[in-house]
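All remarks here apply to the structure that follows.
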Amino acid sequence: MIAQSTFSSPVGQINLTADGENIIEITMTKTPGPNHGSAKVLKDAQKQLTEYFKGKRKEFTFSFEARGTKFQQSVWNEISRIPFGEVLSYADIAREIGKPQASRAVGGAVGSNPVPLAIGCHRVLGASGKITGYSGGEGLPTKRWLLALEGIETKD
């Protein structure tokens, strides 16, 4: 049973979708999404994300599932290992997953992350430390805000 909820955050509306047990989608938008159904994980995720936005949480313990291809899964698993306040480049991730020539494909997988914030794709930068893109919220301003929250300085 799919359940959805939405709440306001410093980066816009956070829309959560759960399959009952797991958060399966997080979107950041200007407008609130639907609220229907119920799942404990929705309340857990909202509470933890709110704490994160207030600077009171560095890790999430709510249950989530990122559905994608085997390659996307490998990229998202690697991103999940990046701790709060740290970054890796697309090239770093490509090397870590054993595909050193796949930086662009890694970028595609990063942009397809269905559960941003839970899987901190905002922590992935270009090789020079530049912010190269972000598909959540309002794009680069949202990514800059999230990185600043974590104390990460970037190059423009």
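The residue that is farthest from Gly12 (Cα to Cα), counting only those in the stretch 64-80 that are of a type outside the set (Phe, Trp, Tyr) and open to solvent by 50 Å² or more (accessible area, probe 1.4 Å), is Lys70. Condition check: among the charged types (D, E, K, R) and not in a loop (DSSP other than H, G, I, E, B). Does Arg95 satisfy that? So Arg95 passes the test.
In this structure, does Gly151 turn out to be at pLDDT 95 or above, part of a loop (DSSP other than H, G, I, E, B), among the small types (Gly, Ala, Ser) and open to solvent by 40 Å² or more (accessible area, probe 1.4 Å)? Yes: the conditions hold for Gly151.
Which of the strands (runs of 3 or more DSSP E) contained wholly in the stretch 1-62 include at least 3 residues that are open to solvent by 40 Å² or more (accessible area, probe 1.4 Å)? It would help to see each step written out before you state the result.
Details: elements: 3-9, 12-18, 23-29.
Output list reads 23-29.
Once the stretch 98-114 is narrowed to residues that are part of a loop (DSSP other than H, G, I, E, B) and out of contact with any helix residue (DSSP H, G or I) (no Cβ under 8 Å at 6 or more places or on another chain), the residue that is farthest from Gln48 (Cα to Cα) is Gly98. The residues of the stretch 72-120 that are touching a Phe, Trp or Tyr at 6+ places or on another chain (Cβ under 6 Å) and either modelled with pLDDT under 95 or over 27 Å from Asp19 (Cβ atoms) (or both), listed by number, are Ser103, Gly107. Within the option set Thr50, Thr31, being out of contact with any helix residue (DSSP H, G or I) (no Cβ under 8 Å at 6 or more places or on another chain), among the hydroxyl-bearing types (Ser, Thr, Tyr) and under 22 Å from Gly139 (Cβ atoms) holds for one residue only, Thr31.
Yes or no: Ala127 touching a strand residue (DSSP E or B) at 6+ places or on another chain (Cβ under 8 Å) and loosely packed, with under 14 Cβ neighbours inside 10 Å?
Here the answer is yes, as Ala127 does meet what is asked.
Working only within the stretch 81-90, note down all residues that are over 25 Å from Ser8 (Cβ atoms) and surrounded by fewer than 16 Cβ atoms within 10 Å (Cβ to Cβ). Arg81, Pro83, Glu86 - these are the residues of the stretch 81-90 that are over 25 Å from Ser8 (Cβ atoms) and surrounded by fewer than 16 Cβ atoms within 10 Å (Cβ to Cβ). Close contacts from the stretch 109-122, counting a first residue that is more than 12 Å from Ser80 (Cβ to Cβ) and a second that is open to solvent by 20 Å² or more (accessible area, probe 1.4 Å) and of a type in the set (Lys, Arg), with Cβ to Cβ under 7 Å and a gap of 6+ residues or different chains, come to Pro114/Arg67.
Pairing each residue of the stretch 85-106 that is free of Cβ contacts under 8 Å to residues at least 60 places away in the same chain with any residue that is in a loop (DSSP other than H, G, I, E, B) and charged (D, E, K, R), provided the two are 6+ apart or on different chains, yields no C-beta distance under 7 Å.
The values are calculated or read from the model by the stated rules, or taken from the named source; none is laboratory data. For clarity, every value in this text was computed on a predicted model and none was experimentally measured. Cβ atoms come from the backbone with ideal geometry, glycine included; neighbour counts cover every protein chain shown. With ligands, DNA and RNA removed, areas are computed over all heavy atoms of the protein, side chains included. Shrake-Rupley method; radii C 1.70, N 1.55, O 1.52, S 1.80 Å.
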